[in-house]
Amino acid sequence: MQSLVTADTIERKIYLIRGQKVMLDSDLAELYGVATKTLVQAVKRNINRFPLDFMFSLKDQEVAVLRSQIVTSSLKHGGRRYNPYAFTEQGVAMLSSVLNSERAVEVNIQIIRVFVKLREMIAAHKDLGKKLEELEKKYDSQFRVVFDAIRALVAEPEPKQKKIGFLAKESRALYN
């Protein structure tokens, strides 16, 4: 059976919000081949299946951050009229029972596999850090450079923040 959606497509639709890996209602609706409105209606009809640790509505600040990151449309241009819902891994699993279609079940299986893969990658990353610490204790200081280099390769890159505004020197050059 040919895959409906690729793991890479799913991975790009997983966001870290409130310290949890989640997927947005609009992204899930796209993957399931239904309108976002249809997905939300199905959820609301079965709201008792979606406690806060399965699904939550994004706050205005979270929506603003997401808009700047993924360039979603604004309300002025026919965008959403309400804040999106975010579904945790458990919420995504529950969606297949609510949507009740063969495609939803197949896509859900793929999504859950991606969540599991991400969890395994995070666990492996933590294990690597522990092993590195153990090795560092075992060897003397002459290997410190090697361990520092390995840590630099494994470390999460710090996001580069673009500076807002301009320097006074630049503005003077414009008027001279």
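Quick notes on this one:
- When residues of segment 54-74 are limited to those that are hydrophobic (A, V, I, L, M, F, W, C) and exposed (fewer than 12 other Cβ atoms within 10 Å of the Cβ), the one modelled with the lowest pLDDT: Val71
- Selection from segment 35-66 of residues that are of a type in the set (Gly, Ala, Ser) and under 16 Å from Gly91 (Cβ atoms): Ala42, Ser57
- Residue within segment 85-97 that is among the β-branched types (Val, Ile, Thr) and in a loop (DSSP other than H, G, I, E, B) present: yes
- Taking the criterion of being of a type outside the set (S, T, N, Q) and touching a residue at least 60 places away in the same chain (Cβ under 8 Å), the residues of segment 19-57 that qualify are Lys21, Val22, Met23, Leu24, Asp25, Leu28, Leu31, Tyr32, Gly33, Val34, Leu39.
- Of everything in segment 4-53 that is part of a loop (DSSP other than H, G, I, E, B) and closer than 19 Å to Asn100 by Cα, the residue that is modelled with the lowest pLDDT is Leu4.
- Condition check for Val105: over 18 Å from Tyr15 (Cβ atoms), of a type in the set (A, V, I, L, M) and in a helix (DSSP H, G or I): yes
The values are calculated or read from the model by the stated rules, or taken from the named source; none is laboratory data. On a predicted model such as this, the values are computed, not experimentally measured, just so you know. Cβ coordinates were reconstructed from backbone atoms using ideal geometry, including for glycine residues, and neighbour counts include every protein chain displayed.
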